[in-house]
Amino acid sequence: MNNIATKRNMLSVIIGSALLIPLANAANTPWLPQPGGGQVDLAYVFQSADEFYIADDKNDLPDDLEQATWWISVDYGLSENIAISAKTGYARSTFEPEANQHLSGRTDSQIGVRYRFNDEFTGPEGLPSAAIRITGIIEGNYRTGSIHSIGDGADGIEAALSVGKIFNDYFALSGEIGYRNRSSGVPEELFYRLDAFVVPLPGLTANVSYFAADADDGLDIGGAGFSPDRFHELEEDTSAVSTGINYSLTPELNLGVQYATVVDGRNTARSDIYSANIGFSF
């Protein structure tokens, strides 16, 4: 069963599952859609926190910090080795102790292109699929300067390298490392992730993921130079793990649920994140 045809069948399942991982999407893997084909993902993500890392000390919040986000993302294959992607959404956040208790608006949007420079199916035997990605970040239209702001309110660009390998008809690994640079004084970030995919039954995929973002520098809450209108300048570090399942109802339709939790951080909420997604391939 460990042949190219079987692996390609598994690849379609994994790409569908990759759509459903919180904090990522299929455009963060080295596996590209077929030329002229692609996928659309609709997702609902809810995150809640009752603790917050002030600098690197975990503290209780006076009320739950909550955010609900509706995402739409598209990944399209231009050629065998080039794909383009786009992602945008709308979010609403709530933190009762703030004067502006409810904030809402369009999220930061992303437009990217990735180039696969090695295909594990056609390249040198034993080497993983590998791709580089360049993504532009377009600032959303939400209010900044609050603990529950939807984002940092900045344009930017990120570059990343991703690798992945399908080992057999039931197990695959992928990983990514990249760097993000944004405007408006937002600290630069190094980010990386590792995803493991298991197919226990035909059409059913389970995944476990680890994600981390490490800001290069920045302010600490309560530290020198900090004020509420400078939340976007915080040194915000995050480490999170997630797990979930995805089921292919048909070759074109995937459904999935995921759970993620922040396990460590700096100047960030210790959030629990729940998501439900539907993915369409074409």
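Based on this model, can you work out whether GLU120 counts as free of Cβ contacts under 8 Å to residues at least 40 places away in the same chain, among the acidic types (Asp, Glu) and either more than 20 Å from GLY178 (Cα to Cα) or in contact with a helix residue (DSSP H, G or I) (Cβ under 7 Å, 6 or more places away or on another chain) (or both)?
Judged against the criteria, GLU120 is not a match.
So which of PHE191, PHE197 is among the aromatic types (Phe, Trp, Tyr), touching a Lys or Arg at 6+ places or on another chain (Cβ under 9 Å) and at pLDDT 90 or above?
Sole residue among the options that is among the aromatic types (Phe, Trp, Tyr), touching a Lys or Arg at 6+ places or on another chain (Cβ under 9 Å) and at pLDDT 90 or above: PHE191.
For segment 117-152, enumerate the residues that are polar (S, T, N, Q) and within 30 Å of PHE167 (Cα to Cα).
ASN118, THR122, SER129, THR135
Look through ILE147, ILE111 and report the one residue that is under 24 Å from TRP71 (Cβ atoms), modelled with pLDDT of 95 or more and of a type in the set (A, V, I, L, M, F, W, C).
Step by step, each of ILE147, ILE111 is checked, and only ILE111 is under 24 Å from TRP71 (Cβ atoms), modelled with pLDDT of 95 or more and of a type in the set (A, V, I, L, M, F, W, C).
From (1) free of Cβ contacts under 8 Å to residues at least 60 places away in the same chain; (2) out of contact with any Pro (no Cβ under 7 Å at 6 or more places or on another chain); (3) not in a loop (DSSP other than H, G, I, E, B), pick out the condition that doesn't hold for LYS165.
Of everything listed in (1) free of Cβ contacts under 8 Å to residues at least 60 places away in the same chain; (2) out of contact with any Pro (no Cβ under 7 Å at 6 or more places or on another chain); (3) not in a loop (DSSP other than H, G, I, E, B), LYS165 misses just condition (2).
Filter segment 92-108 for residues that are part of a strand (DSSP E or B) and surrounded by 15 or more Cβ atoms within 10 Å (Cβ to Cβ) and give the result.
ARG92, SER93, THR94, LEU103, SER104, GLY105, ARG106
Restricting the search to segment 100-125, which residues are of a type in the set (A, V, I, L, M, F, W, C) and touching a Gly at 6+ places or on another chain (Cβ under 8 Å)?
ILE111
The values are calculated or read from the model by the stated rules, or taken from the named source; none is laboratory data. Predicted model only: the values in this text are computed from it and were never measured. Note that each Cβ is placed from the backbone with ideal geometry, even for glycine, and that neighbours are counted across all protein chains shown.
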